Structure formats: C-alpha cells, structure tokens
Amino acid sequence: EQMAKNTNQEIVVFSTLTSILLLITIITQVNYLTRNRKYQNALRAAKRNAEDLAKAKERFLANMSHEIRTPMNAIAGFTNQLLKTDMSPEQKDQLEVVKNSSDHLIHLLNDILDLSKLQANKVQLEKELFDVRGTLFEVIRIFEDKASAKGIKLKTEFESVPKYVNGDPHRLRQMVTNLVHNALKYTEKGSITLSAAIQEKEGSKVTLKISVKDTGAGIPKDKQQHIFKEFEQASAADQRQGTGLGLAIISMILNLH
C-alpha cells in the first residue's frame, strides 16, 4: 500500500510537471508564431516600401536624365555647328571646352540611366542578326580622332570571327565603347588593341572572347575586382576623370548575357 501510495504521488508529480512543460511549450509556440507573423508583416511592408522607393528613384532618374539630356543635345549640336565656322583660335579653344564638357555630361547621364534600368531589371537583351566585325569597327572609328590627337595607335585583331551572329549589337557596342574609352583615357602613349577571337564553338553556337588591351599604367591586382562595383575606382586620382559607373554597367550587361 505504501509503494502504491508513493507511486501515485510520483505519477501525480510527473503528470503535473508534464502538464506544466506542455503549457510552456504551447505558450512558447504561440509567442513564436505571433512574433513570426509580425516579422513577416514587417518584411512585407519593408519590401513594398523598397519597391516603391525603387520605382520612385527610377522615375526620377528617367525624368531627370530626359530633362537634362534635351538641352544638352541642343548645346552639343549647336557647338558642333559653330566649330565648323570661321573663328579665331581662342574662340575655337573655348568652344572645344564647351563641346568636351557637354559630351562628358551626356555620357554621364546615359550611364546613370543605364545603371538605373539594370538595377531595376528593366533591360532585356535583343536578338537580331548583326555583323560582329562591323560593330567593332564602328567603335574604333568613334575614337580615331581622339586617339590621333594623343598620338596613340588604334589596332584591331580579329581571328576567324564569324561574319554574322544572333545577339544584341547595341549592348555589345556599349560594352566595347566603355572599354576603349577607358583605355584611351588612361593611356598616354603607345597603342590600344581591340581583339576578337572564337573561344569555343559547338554546332551553330559560338563563344567569342573580346578584349581591349592598352599600353597604359594598368590596374593593380588588388583593385581589379574592386573597380567593377558601382562608383568605385582604382585610385582617388581617377575620380577626377570619371564616375566609376562604366565598368559596373559592363559587368551587369555581361551578367545578362
């Protein structure tokens, strides 16, 4: 009887402890679910706010770029016309400064707008038949005058590149233009070489390796990954020559490909 009495007491204690533990577990689970629901609601609200902010930023950049680009195109156009007229050397030098400044500002506006579109995943690659060599030669022709003025040779090396491919010629031209522009900016003497070669071919698909090499100072190895981030440059001195958006845009377009 004493053993039965002790056993009953132990069963009562055990049942009580089990009930308390079960109650604590239920309360903990309810609290967890409540907090989890609050966190989810907060995350959804933060996501909506971030999306609204991104849309507002995109609209602002698009409107700002459009509003500034329109008068800048007019300034650049009339400056080019004036440079073709007879004027004194001093006036021509002053107009060259105006032209270079307007070209730089238009280039900057285009970079900002492209960056905004890429960040918002609004850029879609086109697929059309185009001449690879012709597209690359177009880029070289753009920089012939500037390269000649600096005494820099522009070279091309195209190894068995197919005549036509399906792809996006506009984005290819944009990437190569940014690379050649950078090469020309940081090369004081020597040459710049634009090369293209078949890296891999399988049936009707071809992988092209396109590179721009220059005889400039180069980029330190510890900075080579760093410069592909937005607004980042190899050194503080480079900030006077650009915004640090060109390579970031190239990287994003390559990711699209």
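Under the rule that an exposed site lies in a DSSP loop and has at most 16 other Cβ atoms within 10 Å, name the longest stretch of the chain with no trypsin sites (Lys or Arg not before Pro) of that kind, not counting the sites themselves. In the chain, the maximal stretch lacking such sites is 1-83.
Between Asn63 and Lys92, the FRET efficiency from the beta-carbon distance, with R0 = 22 Å, is close to 0.05. Highest GNM mean-square fluctuation among Leu113, Leu247, Leu95, for the chain modelled with Cα contacts below 10 Å: Leu95.
Adding -39500 (n - 2.57) for every DSSP H run of four residues or longer, then dividing by how many residues the chain holds, sets the calculated 222 nm ellipticity at -22000 deg cm²/dmol. Over all other residues within a Cβ to Cβ distance under 13 Å of Glu58, the charged ones net out to +2, with Lys and Arg as +1 and Asp and Glu as -1.
If you roll a 1.4 angstrom probe over the protein chains with everything in place, what fraction of the accessible area of the chain belongs to carbon and sulfur, to the nearest %?
56 percent
Here's the picture: a label point sits 7 Å out from the Cα of His170 along the beta-carbon direction, and within region 92-111 the residues with their amide nitrogen under 18 Å of it are 107-111. Only one residue of Asn100, Leu22, Gln225 has its Cα farthest out toward the positive end of the dipole of the chain, where Lys and Arg carry +1 and Asp and Glu -1 on Cβ, and that residue is Leu22. Note on Lys221/Phe137: beta-carbon distance plugged into 1/(1 + (r/R0)^6) with R0 of 30 Å gives a FRET efficiency of 0.40. Within the listed set Ile26, Ile140, Ile152, the residue fluctuating most in the Gaussian network model of the chain (springs between alpha-carbon atoms under 10 angstrom) is Ile26. With R₀ set to 45 Å, the beta-carbon distance separating Lys201 from Leu53 gives a calculated FRET efficiency near 0.50. Taking the DSSP beta bridges with both ends in the chain, the antiparallel portion is around 65 percent. Quick one: of Lys185/Lys223; Lys122/Lys185; Lys127/Lys185; Lys189/Lys221, which pairs are farther than 25 Å apart, Cα to Cα? Where the Cα-Cα span goes over 25 Å, the pairs concerned are Lys122/Lys185; Lys127/Lys185. Build a GNM of the chain with springs between Cα atoms under 10 Å apart, and of Val12, Val132, Val176 the one that fluctuates most is Val12.
Only Lys, Arg, Asp and Glu carry charge here, each on its Cβ (+1 for the first two, -1 for the last two); on that basis the chain has a dipole of about 420 debye about its Cα centre. When only alpha carbons are used to place a centre, region 210-229 and region 29-89 end up 29 Å from one another.
The values are calculated or read from the model by the stated rules, or taken from the named source; none is laboratory data. The shown structure was predicted, so the numbers you read here are calculated from the model rather than taken from an experiment. Glycine gets a Cβ as well: all are built from the backbone with ideal geometry, and neighbour counts include every protein chain shown. Accessible surface areas use protein heavy atoms only, side chains included; no ligands, DNA or RNA. Shrake-Rupley method; radii C 1.70, N 1.55, O 1.52, S 1.80 Å.
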